[in-house]
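Okay, structure first, notes after.
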Amino acid sequence: MAAIFLIEAGFRFIAHGKIASPLPTLGTLRCLESILLIIIVWRLEKNTAAIGLARTNIMSGFITGLIWSAYFGFIAAGIFIVLLAAGVDPLKYFQSLRPSSWRHGLVLLLVGGFIGPIAEEIFFRGIIFGFFRKWGATTAIVISTLIFVFTHRIGGSIPITQVVGGVVFAIAYEREKNLMVPITIHCLGNLAIFSLPILLWR
């Protein structure tokens, strides 16, 4: 926790001072955090299975994550259709994510669709959830989701996406005992969210 706090504080200082471009810097930051967390876990536990990242289970976790993602993709599509039928334009919620150029769009997909979700799952599910799991699954789900929600930028409205995502990722990790499952769900979900504005950019 202290290592992550120091890295985050350093990033806030750099981003605030306009020393570097925020999105590439954020991607670099998340890579460093992921590597640091894995090194710490490896040194303490002598393997990464302690956070659900056993090498032998990575492919099976990826496939299971694809299945979970398909279920939630159908649910999201259903909600999308219901909103359209009710006269609500769901695409208006993605306007703020529109990239300023195709390069910015690619960086957005890389950082938001891959690097960010991997780092977040290692920290929030692998570390935070894993720590609070000793007090029961419900406690771990609630606390890891609350921390996950409050570390994201949220406006004045209820952060439904972060709440639902945090709960789903935690439940997937609890059920499958494999961190690749929530990593896959998180990556695919973010890729879908960030792809819409890029597809609508023109």
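Can you name the number of the only condition in (1) over 23 Å from Ser195 (Cβ atoms); (2) at pLDDT 90 or above that Ala70 fails?
(1)
For the stretch 34-48, does any single residue satisfy the condition of being in contact (Cβ under 8 Å) with a residue 24 or more places away in the chain, surrounded by 14 or more Cβ atoms within 10 Å (Cβ to Cβ) and not in a helix (DSSP H, G or I)?
No, that holds for no residue.
Would you confirm, using the coordinates I've provided, whether Ile171 is at pLDDT 90 or above, part of a helix (DSSP H, G or I), within 27 Å of Ile39 (Cβ to Cβ) and not aromatic (Phe, Trp, Tyr)? Let's see the steps before the verdict.
Numbers: at pLDDT 90 or above: yes; part of a helix (DSSP H, G or I): yes; within 27 Å of Ile39 (Cβ to Cβ): no; not aromatic (Phe, Trp, Tyr): yes.
So Ile171 fails the test.
Could you tell me whether any residue of the stretch 12-30 is out of contact with any strand residue (DSSP E or B) (no Cβ under 6 Å at 6 or more places or on another chain), more than 29 Å from Ser100 (Cα to Cα) and not in a loop (DSSP other than H, G, I, E, B)? Even if it seems obvious, please write down each step before you answer.
Step one: of the stretch 12-30, the residues out of contact with any strand residue (DSSP E or B) (no Cβ under 6 Å at 6 or more places or on another chain) are 12-30.
Within this subset, residues satisfying the condition of being more than 29 Å from Ser100 (Cα to Cα) are none.
No - not one qualifying residue is present in the stretch 12-30.
Residues to consider are Arg55, Arg125; find the one that is under 12 Å from Leu179 (Cα atoms) and out of contact with any Pro (no Cβ under 8 Å at 6 or more places or on another chain). Before you say what the answer is, go through the steps one by one.
On the way: Arg125 fails: out of contact with any Pro (no Cβ under 8 Å at 6 or more places or on another chain).
The conditions single out Arg55.
The values are calculated or read from the model by the stated rules, or taken from the named source; none is laboratory data. Small disclaimer: the values here were computed from a predicted structure and weren't measured. Virtual Cβ from ideal backbone geometry, glycine too; neighbours counted across all protein chains shown.
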